[in-house]
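The values are calculated or read from the model by the stated rules, or taken from the named source; none is laboratory data. Bear in mind that the values here come from a model prediction, so they are computed numbers and not experimental data. The area values use the complete protein model at the heavy-atom level, side chains included, leaving out ligands, DNA and RNA. Shrake-Rupley method; radii C 1.70, N 1.55, O 1.52, S 1.80 Å.
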Amino acid sequence: MKKTIVLYPGLFVSHLVPMMELADVLLEVGYAVTAAVIDLTLDQDAVLAATVDRVAAARPSVLVRRLPQIQDSPEVAD
């Protein structure tokens, strides 16, 4: 069984692209790679969402998991 490395890039294309380049290197040396990204399909950042889709399609050996956004909870008065 391969050891798995989970990559968690920031919410910017400038973080995602180098992180996927790192994933390529890790795959070459025998690791399984999962990328955990915040699901932006409902957000205004269409560029990042499209880049995540493109990266996921181009690298089928990297498991891309989209994590749901957590809504801020209402503040509780003391």
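Find the accessible area per residue for the chain; the probe is 1.4 Å, ligands and nucleic acids are left out, and the unit is Å².
Numbers: 5780 Å² over 78 residues.
Normalised by residue count, the accessible surface of the chain is 74 Å².
For the chain, the longest principal axis of the alpha carbon atoms and the long axis of helix 46-58 meet at an angle near 30°.
Computed from backbone phi with θ = phi - 60° and the Karplus coefficients 6.51, -1.76 and 1.60, the 3J(HN,Hα) list for region 27-40 is 5, 4, 8, x, 8, 8, 10, 10, 10, 9, 10, 5, 6, 10 Hz; x is used for glycine and proline. Ligands, DNA and RNA left out, the accessible area of the chain computed with a 1.4 Å probe is 59% carbon and sulfur.
Quick one: order 59, 66 from most to least accessible surface, probe 1.4 Å.
Ranked from most to least accessible, the order is 66, 59.
In order along region 14-21, the phi-based Karplus estimate (6.51 cos²θ - 1.76 cosθ + 1.60, θ = phi - 60°) of 3J(HN,Hα) comes to 5, 9, 5, 4, x, 5, 6, 5 Hz; Gly and Pro are listed as x. The H on the amide N of residue 7, modeled in the peptide plane, is under 5 Å from the matching H of 34, 35, 36, each at least 5 residues off or on a different chain.
Picking from 11, 67, 40, which is most flexible by a Gaussian network model of the chain using Cα springs under 10 Å? Largest GNM mean-square fluctuation: 67.
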